[in-house]
Amino acid sequence: MPDTFLYPYVRFLNASPSMGRASFFVNDQPFFTDFSFGEISGYKQIPSGQVVFRAVYNNGGDNIIYTTSANISNGDVLTLALAGGENTRTLLRIDDTTTKTDYKVANLRIVNLVSDFEGLNIYANGFPILDDIEFPEVSDYIFLRPDTYSFSIRDEENGNVILDTGNQTLAENKFYTLYIIGNAENEGMSVKAIFATDAMSYGGQYL
């Protein structure tokens, strides 16, 4: 099983709760269309070199939400998350690891995309595993014993439970990201957890 990627890949996550549906373009070509809040795509191969990424409203190519560019190398694997509030939206680049571990563990990282929390503490089956994850922080991968876990997301400031994920099964030698998304303050908004299986789980170039 190869441990590197021959080509660059990207996936997109709509983590902006107040804007409705969005589409995502790569070098002016539509890649993923009409994504609602909380939707995450699979991985798709992209060109290497200087690449322009754009989020637009409802597949409207001229109705731009945010544009960014990046120099992409062969082997890069990334998630672009549309995050933030009405006046603070951004496309955050979140790079996947492309290095396998030799340990027979499950690998989990946490990404806080809720802009109105000072920090988040993460518990697994009642035990603390990460603390004070700020917006828009991406934690390192941590090792967990392969098992079924219920994760609790708590406000770092007062310890209140924000969200319980319910049972999630983490497998040996797999890589996962838990994205915490949403808006805690606006009426009618809610905080959600998105579990995603990361690229190294698929074994090198075969995405």
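The values are calculated or read from the model by the stated rules, or taken from the named source; none is laboratory data. For clarity, every value in this text was computed on a predicted model and none was experimentally measured. Every residue, glycine as well, gets a Cβ built from its backbone with ideal geometry; the counts of neighbours run over all protein chains shown.
Structure data summary
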{"read-out": "Residues of segment 78-101 classified as exposed (fewer than 15 other Cβ atoms within 10 Å of the Cβ) and closer than 19 Å to Ile194 by Cβ, total", "value": "1"}
{"read-out": "Segment 114-143, residues that are assigned to a strand (DSSP E or B) and surrounded by fewer than 16 Cβ atoms within 10 Å (Cβ to Cβ)", "value": "Phe127, Pro128, Asp131, Asp132, Ile142, Phe143"}
{"read-out": "Hey, Ser16 modelled with pLDDT under 90, outside the structural domain of Leu178 (by TED's automatic domain parsing) and either in a strand (DSSP E or B) or touching a strand residue (DSSP E or B) at 6+ places or on another chain (Cβ under 7 Å) (or both) or not", "value": "yes"}
{"read-out": "Cβ-Cβ under 7 Å pairs, at least 6 apart or on other chains, segment 171-184 side closer than 17 Å to Asn121 by Cβ, far side of a type in the set (Asp, Glu)", "value": "Ala184/Asp116"}
{"read-out": "Count - residues of segment 19-55 that are part of a loop (DSSP other than H, G, I, E, B) and aliphatic (A, V, I, L, M)", "value": "2"}
{"read-out": "Number of the exception - Gly75 against (1) surrounded by 12 or more Cβ atoms within 10 Å (Cβ to Cβ); (2) of a type in the set (Gly, Ala, Ser); (3) not in a loop (DSSP other than H, G, I, E, B)", "value": "(3)"}
{"read-out": "Breaking point among (1) within 15 Å of the chain's Cα centre (by Cα); (2) polar (S, T, N, Q); (3) modelled with pLDDT of 95 or more, for Asn125", "value": "(1)"}
{"read-out": "Filtered residue count, segment 84-113, keeping only those that are part of a strand (DSSP E or B) and not basic (Lys, Arg)", "value": "12"}
{"read-out": "Residue identified as in contact with a Pro (Cβ under 9 Å, 6 or more places away or on another chain) and of a type outside the set (D, E, K, R) among Gly119, Gly84", "value": "Gly84"}
